[in-house]
Amino acid sequence: IKKIIEKNNGKQYDYVFVVKSEAAGKKEIEMLRSAYPNAQFILYLWDSVKNVPDGEKKLALYDRVLTFDPFDAEKYGLKLRPLFFQKEYEAEYEQKADYRYDVAFIGTAHTSRPRIMKQLEKQCKQRGKDCFSYLFLPHPMVYLYNKLTNPDYKNVTKQDIRFDSISPSKIKEIYKESRCILDVEHSAQRGLTMRT
């Protein structure tokens, strides 16, 4: 935050837009407000308030808060806004007789996702199903931290994780070739059972 303020010394902004606010706590927002006193501070939550560190406390730090979560919108009186959406995924997908993958997952390797995806891959293999899994982390140090602190990483190897983001065109291609697209919620704690 200090580097951002130093880099933009002398500039004034109408808006400061923060997404999720994992790294921006009370101290950081106060620093930004001091640097940009005329700016309107807006927070967009693409995750539930309960999954943001000190989430409830952070709501009061902003002039406007928008959320993807209809339950949070009602509970906290926030403006409901759907998740970010890219036009690339708007193409019509026709029903096909044959798909390359039976199930596809592309997402960040947080909380229990790696464990659940390992379970799913194993169950798919046992049933002769094809599974595409792309578990992403921004840096190998994040993998190391999770390996040391997250019990769901017990059987996860570095080879299970990707450190390069996947392009929107590649995601679109994989989705078109998938019978089912899977999302694993942030707080999933139970195992996954595949039913035929």
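Looking at (1) closer than 30 Å to I171 by Cα; (2) open to solvent by 60 Å² or more (accessible area, probe 1.4 Å); (3) of a type in the set (S, T, Y), which is the only condition S48 fails?
The one condition S48 does not meet is (2).
Quick one: in the stretch 146-187, of everything that is touching a residue at least 12 places away in the same chain (Cβ under 8 Å) and among the small types (G, A, S), which residue is farthest from K118 (Cα to Cα)?
If we take residues in the stretch 146-187 being touching a residue at least 12 places away in the same chain (Cβ under 8 Å) and among the small types (G, A, S), then S169 is farthest from K118 (Cα to Cα).
Evaluate the stretch 112-130: report whether one residue or more is among the polar types (S, T, N, Q), at pLDDT below 95 and under 16 Å from E185 (Cα atoms).
Looking for residues that are among the polar types (S, T, N, Q), at pLDDT below 95 and under 16 Å from E185 (Cα atoms), one finds at least one in the stretch 112-130, hence yes.
Can you tell me which residues in the stretch 56-82 are without any contact (Cβ under 8 Å) to a residue 12 or more places away in the chain and either open to solvent by less than 30 Å² (accessible area, probe 1.4 Å) or assigned to a strand (DSSP E or B) (or both)?
Correct list: A73 only.
Quick check on my filter: what residues within the stretch 121-147 are of a type in the set (A, V, I, L, M, F, W, C) and surrounded by 13 or more Cβ atoms within 10 Å (Cβ to Cβ)?
Hits for the stretch 121-147 are C124, C131, F132, L135, F136, L137, V142, L144.
Determine which member of the set A104, A91 is modelled with pLDDT under 85, open to solvent by less than 40 Å² (accessible area, probe 1.4 Å) and closer than 16 Å to I171 by Cβ.
Matching residue, one of A104, A91: A91.
Which ones in the stretch 148-171 are under 19 Å from the mean Cα position of the chain (by Cα) and open to solvent by 60 Å² or more (accessible area, probe 1.4 Å)?
Once the filter is applied, which keeps residues that are under 19 Å from the mean Cα position of the chain (by Cα) and open to solvent by 60 Å² or more (accessible area, probe 1.4 Å), the stretch 148-171 yields R162, D164, S165, S169, K170.
Is there a residue being part of a helix (DSSP H, G or I), polar (S, T, N, Q) and over 15 Å from D102 (Cα atoms) anywhere in the stretch 161-171? Working first, answer last.
Pass one, the stretch 161-171, residues part of a helix (DSSP H, G or I): 168-171.
Going one step further and asking which of them are polar (S, T, N, Q), we end up with 169.
Checking which are over 15 Å from D102 (Cα atoms) leaves us with 169.
Yes, there is a match, as at least one residue in the stretch 161-171 is part of a helix (DSSP H, G or I), polar (S, T, N, Q) and over 15 Å from D102 (Cα atoms).
I need a count of the residues in the stretch 144-178 that are more than 14 Å from A109 (Cβ to Cβ) and of a type in the set (S, T, N, Q).
Going through the stretch 144-178 one residue at a time, the tally reaches 3.
Looking only at the stretch 1-45, filter to residues that are touching a helix residue (DSSP H, G or I) at 6+ places or on another chain (Cβ under 7 Å) and among the β-branched types (V, I, T); which one of those is surrounded by the most Cβ atoms within 10 Å (Cβ to Cβ)?
V16
The values are calculated or read from the model by the stated rules, or taken from the named source; none is laboratory data. Remember, it's a predicted structure, so these values are computed and weren't measured experimentally. So basically every Cβ, Gly included, is an ideal-geometry build from the backbone, and we count neighbours across all protein chains shown. Heads up: the accessible areas ignore ligands, DNA and RNA and are worked out on the full protein's heavy atoms, side chains in. Shrake-Rupley method; radii C 1.70, N 1.55, O 1.52, S 1.80 Å.
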